[in-house]
Amino acid sequence: MPKNIKGREIAEIIPDKCIACQLCIGECPINAIDMQGGAVRIDPEACAGCGRCLDVCPANAILFEKPVRKKMTGIGQKPHPLEGYRGIAVFIEAHDGTGAEVSWELVGKARELAEKLETQVLGFLPGTDVEPVAREAIAYGCDTVYMVDNPLLQKYLSRMYGRALAHMCNQVKPEILLVGATSLGRDLASVVATQLETGLTADCTGLDINPQERLLLMTRPTFGGNIMATILCRNHRPQMSTVRPKVMKLPKKDTGRRGEIRTFDLETSQEVVQVPRIIDFIPRAAEVGGVDITRAEVLVVIGKGACDPRHLPMFEELAMLMGGTVACSRPVVQSGLLPHIRQVGQTGKTVAPKVYIGVAVSGAVQHLVGMQGAEKIVAINIARQAPLVQIADYALIGDYREIIPKLIKGIESRIKVIR
Amino acid sequence: MHIICCVKQVPDTTQVKIDPATNTLVRTGVESICNPYDLVAAEAAVQLVEKYGGKVTVISMGPPQAESVLRECLALGAHEAILLSDRAFGGADTLATSYTLSQAISRIAAKDPVHLVICGKQAVDGDTGQTGPGIATRLGFNQFTYVSEIMGVDPERNTITVKREIEGGAEVIEGKLPALLTAELELSTIRYASLPELVRSLRQTVRVWGAKELGGLPERLGLKGSPTSVKEIFAPPVRGGGLVFDSGQNSERVVKDFLDTFFEKEKRLLDGLLTKDGHAQEH
Ligand SMILES: Cc1cc2nc3c(=O)[nH]c(=O)nc-3n(C[C@H](O)[C@H](O)[C@H](O)COP(=O)(O)OP(=O)(O)OC[C@H]3O[C@@H](n4cnc5c(N)ncnc54)[C@H](O)[C@@H]3O)c2cc1C
């Protein structure tokens, strides 16, 4: 146990474990902790040995053995009446009379969580003429769908939708609210969480339940994606989380399923004149052509090591041969070779193709979180130790310039046999 | 026009690496930078003021060292900078952060009305994108996220028109001021600060406000005001590795070996993919 000059037992940071989250810096009552060059340091002479840093450290990165007083959380915090919050709600995103696929994926996940909590799955659906969507929501697994059907909700406006969804939460009191992390969903979830003064965890890649405490365990990549963190929202309801498209599995639709549809009114007052006005919508050229890497069954994903415009036709040929399309890692987007809509990963799209072929992709964590749902992973890389090679079902070690032309030939001849 | 920009100091996440031997984060030597989206926001604010007149105030919540990102914005041409720094702010999640920032904005606005707030669309260390909308909601401002272009401000009608990047395309939308925007990288091109600007930025004072100056409710700040907490952290899950084909000297052979195995083991999968009606030819 380290001591300082005054002989006081002090806390120490274990550098290997420290994730530099800085929680301890905020907690230290005497400013003895700070960041130096990206690393957290405790000033041994200033440290009073109170152990509060140990209490808040999420990474067990603080060495301190003196018996510590019981953690004092909860003091100064009003006890929140959590009783009375029941059910798992999913925000159903609707465009032009159809529900967004991510909403159904979340309904599927909500069913699974609802089993563990022995509760209902609720659909929250604001929009205009959305009754058919409500029926679809039931077919995908909602027990009850709450609808706010109002002409003012024709197009998405943050405040209107925020008010509608917050109103539903206040009335229905779900214990959990899941929102698809589309640009609309992220915008809306932030508004609603702020209005309800509750916790919101963005871009979760895993959701689970602690049934004893009825807590949602929300797992997401954090600190730049190098680490996964499981996050809790203990004292506020609903526990809110956004999840990206394609992270959860799309459930089977059952048009015979029964459920209930209820409607709410939207209270709109004089404000109506003040709402923003959507003047125009300009479809993105590249997407008009229908490139949607999240839908492709085969993806040829090119990485920085293959970021060469001369070889792009070759990658496209391989992709087309297998009925797929070309995607990429972030550096390829940064170089300007391919547009952002083709990027796989934490700041790109989450994909779950049947076959993922990574060409000179190293497999950084930020990339991996976007493609781990792939059924089969093939990695082509000169480096055997590349992380993608480690997790691939099939790894081809070598220079892609040598390998791919041979792959194309080989596949062509085998396709002839299959047909 | 008075514009406030909210900026954040973040670790340069591109430098954060995992030590393959110990499987832990290597953080030594990682620099702190200004969140790139926030710099774009500050630049856009300065450009607006150059066009329509007014002033830009930049604020940042963070430790004392975060002063450097405020100076970076001053060098771009921002007029005033305020650092929100207090132990009580530490450990804040997005809810507590948006509370603190909106308290500061209200305080600034009490003296000098605010027409526009511009934030980055997200911070690269957390990637949540929740703080901007949180501030707008608390202040009751119109909110426009993912803005790639400011198409115009109409001082007479007191409106702003912006282009937002959303699913499938861009939306052009007009709304009343005061408003809050969150910036995409395309919103502006950051200038190289000129030497005189740099010198000016270094001379300027950056005011520091703590919890006392902000007023507000102490239980809403920092760790205490944060409903979410980290339960545990762990290394990302990995899939078990599979078969390795090392092409070595003879890539011809190895590719053939691979394809033989692949087509045999994944026959069902591949038959489904490759025999789809004319799939391979249609392109
Ligand atoms: C906040 C944050 C978000 C991020 N989001 C994303 C994201 O969404 N998506 C993403 O992809 N990245 C993202 N990144 C970047 C990520 O950390 C990595 O930098 C990136 O994924 C690396 O891309 P890469 O594998 O193409 O390049 P590198 O890591 O440079 O790998 C290149 C690979 O090519 C191999 N190679 C080179 N030449 C050849 C050859 N001739 N034949 C065969 N192999 C060859 C090398 O062995 C190497 O493995 C993010 C980073 C941060 C900090």
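The values are calculated or read from the model by the stated rules, or taken from the named source; none is laboratory data. All of these numbers come straight from a predicted model, not from anything done at the bench. Cβ coordinates were reconstructed from backbone atoms using ideal geometry, including for glycine residues, and neighbour counts include every protein chain displayed.
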> Which pairs have Cβ atoms under 7 Å, sit 6 or more apart or on different chains, and link a residue in the stretch A:328-340 that is in contact (Cβ under 8 Å) with a residue 60 or more places away in the chain to one that is within 10 Å of the ligand (Cβ to nearest atom)?
Replying inline: none
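Take A:I397 and decide whether it is more than 7 Å from the ligand (Cβ to nearest atom), buried (at least 18 other Cβ atoms within 10 Å of the Cβ), closer than 30 Å to B:A123 by Cβ and within 9 Å of chain B (Cβ to nearest Cβ).
no
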> Which is farther than 27 Å from B:V255 by Cβ, outside the structural domain of A:M248 (by TED's automatic domain parsing) and modelled with pLDDT of 85 or more, of A:G345, A:G363?
Replying inline: A:G345
>> Could you go through the stretch A:303-310 and let me know if any residue there is touching a residue at least 40 places away in the same chain (Cβ under 8 Å), of a type in the set (D, E, K, R) and within 14 Å of the ligand (Cβ to nearest atom).
In response: yes
> If only one of A:R237, A:R214, A:R262 is away from chain B (no Cβ under 14 Å), touching a residue at least 12 places away in the same chain (Cβ under 8 Å) and in contact with a Phe, Trp or Tyr (Cβ under 7 Å, 6 or more places away or on another chain), which one is it?
Replying inline: A:R262
>> Can you confirm whether B:S188 is free of Cβ contacts under 8 Å to residues at least 12 places away in the same chain and polar (S, T, N, Q)?
In response: no
>> Given the condition more than 17 Å from B:N250 (Cβ to Cβ), in a helix (DSSP H, G or I), within 13 Å of the ligand (Cβ to nearest atom) and at pLDDT below 90, answer yes or no: does some residue in the stretch A:367-376 qualify?
In response: yes
> So is B:K121 surrounded by 24 or more Cβ atoms within 10 Å (Cβ to Cβ) and either in the same structural domain as B:V208 (by TED's automatic domain parsing) or among the β-branched types (V, I, T) (or both) or not?
Replying inline: yes
> Does A:L299 satisfy the criteria of being over 30 Å from A:L153 (Cβ atoms), touching a residue at least 24 places away in the same chain (Cβ under 8 Å), surrounded by fewer than 20 Cβ atoms within 10 Å (Cβ to Cβ) and within 15 Å of the ligand (Cβ to nearest atom)?
Replying inline: no
> So which residues in the stretch A:199-221 are within 16 Å of the ligand (Cβ to nearest atom), part of a strand (DSSP E or B) and buried (at least 23 other Cβ atoms within 10 Å of the Cβ), if there are any at all?
Replying inline: A:R220
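To keep it simple, each residue is scored yes or no on (1) over 20 Å from the mean Cα position of the chain (by Cα); (2) surrounded by fewer than 20 Cβ atoms within 10 Å (Cβ to Cβ); (3) not basic (K, R).
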{"residue": "A:R111", "(1), (2), (3)": "no, yes, no"}
{"residue": "A:D129", "(1), (2), (3)": "yes, yes, yes"}
{"residue": "A:A137", "(1), (2), (3)": "yes, no, yes"}
{"residue": "A:K155", "(1), (2), (3)": "yes, yes, no"}
{"residue": "A:M160", "(1), (2), (3)": "yes, no, yes"}
{"residue": "A:C169", "(1), (2), (3)": "yes, no, yes"}
{"residue": "A:L177", "(1), (2), (3)": "no, no, yes"}
> Before we move on, is A:Q366 polar (S, T, N, Q) and either surrounded by 23 or more Cβ atoms within 10 Å (Cβ to Cβ) or touching a strand residue (DSSP E or B) at 6+ places or on another chain (Cβ under 8 Å) (or both)?
Replying inline: yes
> For residues in the stretch A:385-394 being near the ligand (Cβ under 9 Å from one of its atoms) and surrounded by fewer than 22 Cβ atoms within 10 Å (Cβ to Cβ), which is nearest to B:N250 (Cα to Cα)?
Replying inline: A:Q385
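Let's see how each residue does on (1) in a strand (DSSP E or B); (2) within 9 Å of the ligand (Cβ to nearest atom); (3) basic (K, R):
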{"residue": "A:R295", "(1), (2), (3)": "no, no, yes"}
{"residue": "A:M314", "(1), (2), (3)": "no, no, no"}
{"residue": "A:M320", "(1), (2), (3)": "no, no, no"}
{"residue": "A:I341", "(1), (2), (3)": "no, no, no"}
{"residue": "A:V361", "(1), (2), (3)": "no, yes, no"}
> For the stretch A:348-359, which residues satisfy the criterion of being within 10 Å of the ligand (Cβ to nearest atom) and at pLDDT below 90?
Replying inline: A:G348, A:K349, A:T350
>> Please go through (1) over 24 Å from A:V247 (Cα atoms); (2) within 12 Å of the ligand (Cβ to nearest atom); (3) buried (at least 21 other Cβ atoms within 10 Å of the Cβ) for A:P276 and return the number of the only condition it doesn't satisfy.
In response: (2)
> Quick one: in the stretch A:94-122, which of the residues that are of a type in the set (S, T, N, Q) and in contact with a Gly (Cβ under 8 Å, 6 or more places away or on another chain) is nearest to A:K246 (Cα to Cα)?
Replying inline: A:S103
>> I'd like to verify a number: residues in the stretch B:192-247 that are touching a Gly at 6+ places or on another chain (Cβ under 8 Å), more than 7 Å from chain A (Cβ to nearest Cβ) and charged (D, E, K, R), how many?
In response: 1
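Okay, residues lined up against (1) in contact (Cβ under 8 Å) with a residue 12 or more places away in the chain; (2) among the charged types (D, E, K, R); (3) assigned to a helix (DSSP H, G or I); (4) within 15 Å of A:A89 (Cβ to Cβ):
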residue	(1), (2), (3), (4)
A:W104	yes, no, yes, yes
A:V107	yes, no, yes, yes
A:L113	yes, no, yes, yes
A:D129	yes, yes, no, no
A:V133	yes, no, yes, no
A:I138	yes, no, yes, yes
A:Y146	yes, no, no, yes
> Can you tell me which residue in the stretch A:322-339 is nearest to the ligand (Cβ to nearest atom), limited to those that are more than 11 Å from every other protein chain (Cβ to nearest Cβ) and part of a loop (DSSP other than H, G, I, E, B)?
Replying inline: A:S329
> Do you know which of the residues in the stretch B:129-151 that are surrounded by fewer than 23 Cβ atoms within 10 Å (Cβ to Cβ) and in contact with an Asp or Glu (Cβ under 9 Å, 6 or more places away or on another chain) is nearest to A:Q366 (Cα to Cα)?
Replying inline: B:S148
> Of all residues in the stretch A:208-265 being among the β-branched types (V, I, T) and over 22 Å from A:G127 (Cβ atoms), which is farthest from the chain's Cα centre (by Cα)?
Replying inline: A:I209
> Which of the residues belonging to the stretch A:34-60 are at the interface with chain B (Cβ under 10 Å from one of its Cβ atoms) and without any contact (Cβ under 8 Å) to a residue 60 or more places away in the chain?
Replying inline: A:D34, A:M35, A:Q36, A:G37, A:G38, A:A39, A:V40, A:V56, A:C57, A:A59, A:N60
> Of all the residues that make up the stretch B:134-168, how many are on the phi < 0 side of the Ramachandran plot, touching a residue at least 24 places away in the same chain (Cβ under 8 Å) and assigned to a strand (DSSP E or B)?
Replying inline: 10
> Looking at B:G134, B:G140, B:G175, B:G126, which one is at pLDDT 90 or above, under 22 Å from B:M61 (Cβ atoms), at the interface with chain A (Cβ under 8 Å from one of its Cβ atoms) and touching a helix residue (DSSP H, G or I) at 6+ places or on another chain (Cβ under 9 Å)?
Replying inline: B:G134
